[in-house]
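**Student:** Before I ask anything, let me first share the structure, which is written out below as structure tokens.
No value in this document is a laboratory result; all are computed from the given coordinates. Predicted model, so just to flag it, every value in this text is computed and none were measured. Cβ sites come from the backbone with ideal geometry, for glycine too, and all protein chains shown count toward neighbours.
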Amino acid sequence: MQYIDLTHTFHPTMPTYPGDPEAELSQVAVIEKNGYNVSQIKSGMHVGTHLDAPLHMIADGKRVSEYSPEHFFGRGHLIDARGYQSIDVELLQNHQISKGGIVLILTGFDKKFGNPDYYQTYPEISTGFAAKMVEFGVKIIGMDTPSPDRAPFDTHKLLLANDVLIIENLKNLDKLGFHPNFEIIALPAKYDAEAAPVRIIAKIFTKNNQSTSQVTP
């Protein structure tokens, strides 16, 4: 089996969504002085690769901590949306989306992560596409962009109101293009909040389902 990491590394100069608190990763103790290393993180919840729970947009919505672990595992489905500025239902042609699946949208925008343009010109997911995700019974939808939409966040609200969780700021989705059979493992930190950082991994099933493992960072 092969494992592909779809997560951005959290570092001291993490870019943040416009208007969100700046992220900080600093060292507050060092071995030379204290005998040990201790780091401190200060950040909003919507930095880097993270998961949105319903409470993010729905007043009485669920928090991340209210979901059982099995909600974060599922068969993966990759939608190649490179070159599209609007991600709509026609992109679902020739795709069989499984109930309880996890749909990932490849736009290639992860290559701009850290550049100002990343937050300004990203493609959006239509409410029609989002409605299909609800109809199919998808558990999670993820994308390599900072958001599925812009204000007034209708796509966000439609997905979250129907218990479809959202993962933003993915990377390496292009590495999944040659692997039609994969599982997603997307475990967020168990925060009692509307969002949480998530480490998301694609587990690739090879033709012979070999027991040897390879990890792609």
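**Student:** Would you grab the residues whose amide H sits under 5 Å from the one on residue 3? Only those 5+ places off in sequence or on another chain, please, with H modelled 1.01 Å from N.
**Tutor:** 204, 214, 215, 216
**Student:** Now a separate question. Tell me, what ³J(HN,Hα) does each residue in the range 5-14 have, in order and in whole Hz, if you take phi through Karplus 6.51 cos²θ - 1.76 cosθ + 1.60 with θ = phi - 60° and put x for Gly and Pro?
**Tutor:** Using θ = phi - 60°, the values come out as 7, 9, 10, 6, 6, 7, 9, x, 10, 4 Hz.
**Student:** Given +1 on the Cβ of Lys and Arg, -1 on the Cβ of Asp and Glu, and no further charges, what dipole in debye does the range 62-217 carry about its Cα centre, rounded to the nearest 20?
**Tutor:** Around 480 debye, computed over the range 62-217.
**Student:** Let's test the formula: R0 of 30 Å, r as the Cβ-Cβ distance of residue 115 and residue 75. What FRET efficiency results, to the nearest 0.05?
**Tutor:** 0.35
**Student:** Against the longest alpha carbon principal axis of the chain, how many degrees, from 0 to 90 and to the nearest 10, is the axis of helix 127-136 turned?
**Tutor:** Approximately 80 degrees, to the nearest 10.
**Student:** To continue, here is another question. What are the residues whose amide H is under 5 Å from the amide H of residue 200, where those residues sit 5 or more places off or on another chain and H is modelled from the backbone?
**Tutor:** Counting only residues 5 or more places away or on other chains, the set is 6, 7.
**Student:** Using a ≥ b ≥ c from the Cα gyration tensor of the range 1-44 (square roots of the eigenvalues), is it rounded, prolate or oblate, where a/c under 1.5 gives rounded and otherwise the larger of a/b and b/c decides, a/b for prolate?
**Tutor:** Cα axes put the range 1-44 in the oblate bin.
**Student:** For the range 171-210, which trypsin sites (Lys or Arg not before Pro) are in a loop by DSSP, counting at most 15 other Cβ atoms within 10 Å?
**Tutor:** Listed in order of number, the matching sites are 190, 207.
**Student:** Give me a comma-separated list of calculated 3J(HN,Hα) values for the range 152-160, in order, Karplus coefficients 6.51, -1.76, 1.60 applied at θ = phi - 60°, integers in Hz, x for any Gly or Pro.
**Tutor:** So the Karplus estimates, Gly and Pro as x, are x, 6, 5, 5, 3, 5, 5, 5, 5 Hz.
**Student:** If you don't mind, there's one more thing I want to ask. Among the chymotrypsin sites (Phe, Trp or Tyr not before Pro) within the range 1-81, which fall in a DSSP loop and have no more than 15 other Cβ atoms within 10 Å of their own Cβ?
**Tutor:** Passing both the DSSP loop test and the Cβ count: 10, 36.
**Student:** Quick check: Cα centre of the range 175-198 to Cα centre of the range 48-70, how many Å?
**Tutor:** A separation of 13 Å, based on Cα centres.
**Student:** Now for a different question. Between residue 199 and residue 31, what FRET efficiency comes out of the Förster formula 1/(1 + (r/R0)^6) with R0 = 35 Å and r the beta carbon distance, rounded to 0.05? Let's see the in-between values first.
**Tutor:** On the way: r = 26 Å, r/R0 = 0.75.
Here the calculated transfer efficiency is 0.85.
**Student:** Now for a separate question. With charges set only on the Cβ (+1 for Lys and Arg, -1 for Asp and Glu), what does the dipole of the range 74-146 come to about its Cα centre, in debye to the nearest 20?
**Tutor:** Dipole about the Cα centre, nearest 20: 280 debye.
**Student:** Using a Förster distance of 25 angstrom, determine the FRET efficiency expected from the C-beta separation of residue 131 and residue 60, and round it to 0.05. List each step's numbers first, then the result.
**Tutor:** Details: r = 22 Å, r/R0 = 0.86.
Plugging the Cβ-Cβ distance into 1/(1 + (r/R0)^6) gives 0.70.
**Student:** Another one. Work out from phi, with θ = phi - 60° and the Karplus expression 6.51 cos²θ - 1.76 cosθ + 1.60, the ³J(HN,Hα) of each residue of the range 29-37, listed in order in whole Hz, and give x for Gly and Pro.
**Tutor:** Result, ordered by residue: 8, 10, 4, 4, 9, 10, x, 7, 9 Hz.
**Student:** Would you compute, from DSSP H runs of 4+ residues alone, the mean residue ellipticity of the chain at 222 nm, taking -39500 (n - 2.57) per run and dividing by the full residue count, rounded to the nearest 500?
**Tutor:** Calculated at 222 nm, the ellipticity per residue is -2500 deg cm²/dmol.
**Student:** Which order, highest average first, do 94-104, 48-58 follow once you tally other Cβ atoms within 10 Å for each residue and take the mean per peptide? Let's see the in-between values first.
**Tutor:** Numbers: 94-104: 16.5, 48-58: 22.4.
By packing density, highest mean first, the sequence is 48-58, 94-104.
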